[in-house]
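K.L.:
One structure coming up, written as structure tokens, with questions to follow.
The values are calculated or read from the model by the stated rules, or taken from the named source; none is laboratory data. Everything numeric in this text was worked out from a predicted model, so none of it was measured. Neighbour counts are summed over all protein chains in view; Cβ atoms, including those assigned to glycine, are modelled from backbone coordinates with ideal geometry. Surface areas here come from the heavy atoms of the whole protein model, side chains and all, with no ligands, DNA or RNA. Shrake-Rupley method; radii C 1.70, N 1.55, O 1.52, S 1.80 Å.
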Amino acid sequence: MKSKTIVIATRNKGKLGEFRSILADGYDEILSLADFEEVPEIKETGLSFRENAFIKAKTTSDFLGMDAIGDDSGLVVDALGGAPGIYSARYAGEGSSDNENNEKLLYELKGEKNRNARFVCCIALVLAGGTQEFFEGECHGEIIQEKRGQSGFGYDPVFYVSQYGKTMAELGPDIKNRISHRAIASEKLLSYFSNFK
């Protein structure tokens, strides 16, 4: 691939770190909204992961005139009818912390036997030339009854991956960045770019 710069439409350091690790071989420079204070706050007004990802990527690309990636991801819990879904980052209220969101989730699932869940990620790619593409990934697991592990962010401490017998927060970044919903979607993104090498 030619020398490339891309902007990840996020100010979330955890998410940016994952993208930098996953996309390191595909791009020479991976920036984020933290590098561009002039970009206004982007309102996530979509009704799906795909719509929100597109809003972020399109707004960023249009404003900066650069290639941009927007991703929207979250936790989908079967027993909660798909919640927290697109509201995962603010499940316990606007501005809520990861810990508060986890506490609310554990409370909502108290006594629930069906604890199946999946992380979902949709990546929207908007190139400065107008091309638009979408890449999706899922990671299946279950919600355990207490938080475990120090790595990762978001719902990682309560999301148990049976294949490894650990939560996402116990797996560490090396394994997580191979099996996560974001890693799977990013792999599809890199596969798309490999056609242009």
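K.L.:
Among GLY129, ASN177, ALA89, pick out the residue whose Cα is farthest towards the positive end of the charge dipole of the chain, where Lys and Arg carry +1 and Asp and Glu carry -1 on C-beta, about the Cα centre.
P.N.:
Value computed over the given set: ASN177.
K.L.:
Two decimals, Cα atoms only, Kirkwood Rh: what is Rg/Rh over the range 102-141?
P.N.:
A ratio of 1.28.
K.L.:
Report the net charge of residues surrounding PRO173, where surrounding means a beta-carbon distance below 15 angstrom and charges are Lys +1, Arg +1, Asp -1, Glu -1.
P.N.:
Spelling it out: positives minus negatives among the neighbours equals +3.
K.L.:
In square nanometres, what is one fourth of the surface area of the convex hull spanned by the alpha carbons of the range 13-126?
P.N.:
Projected area, direction-averaged: 7.9 nm².
K.L.:
Under a Cβ-Cβ cut-off of 15 Å, what is the net charge of the residues other than TYR87 that fall near it, where Lys and Arg count +1 and Asp and Glu count -1?
P.N.:
Result for the neighbourhood of TYR87: -4.
K.L.:
If Lys and Arg each add +1 and Asp and Glu each add -1, what is the summed charge of the other residues whose beta carbon sits under 14 Å from the beta carbon of LYS15?
P.N.:
Once all neighbours under 14 Å are counted, the net charge is 0.
K.L.:
Could you tally up the Lys pairs in the range 23-123 with alpha carbons closer than 30 Å? Skip any pair fewer than 8 positions apart unless they're on separate chains.
P.N.:
Lysine pairs meeting the criterion: 5.
K.L.:
Over the range 85-167, one equal point on each Cα, no solvent: what is log10 I(q)/I(0) by the Debye formula at q = 0.17 Å⁻¹?
P.N.:
Summing over Cα pairs of the range 85-167 leads to -0.76.
K.L.:
Could I ask something else about it? Just ALA79, ALA117, ALA185 to compare: in a GNM of the chain, with alpha carbon springs under 10 Å, which one fluctuates most?
P.N.:
Per the Cα network of the chain with a 10 Å cutoff, ALA79 tops the list.
K.L.:
Rg and Dmax of the range 123-197, Cα atoms, in Å?
P.N.:
Calculated on Cα positions, Rg and Dmax stand at 15.1, 47 Å.
K.L.:
Under the rule of -39500 (n - 2.57) per DSSP H run of 4 or more residues, summed and divided by the residues of the chain, what mean residue ellipticity at 222 nm is obtained, to the nearest 500 deg cm²/dmol?
P.N.:
Dividing the helical sum by the residues of the chain leaves -9500 deg cm²/dmol.
K.L.:
Please compute one quarter of the surface area of the Cα convex hull for the chain and express it in square nanometres.
P.N.:
10.7
K.L.:
A further question on this structure: Order TYR87, TYR27, TYR107, most accessible first, counting only protein heavy atoms with a 1.4 angstrom probe.
P.N.:
TYR107, TYR87, TYR27
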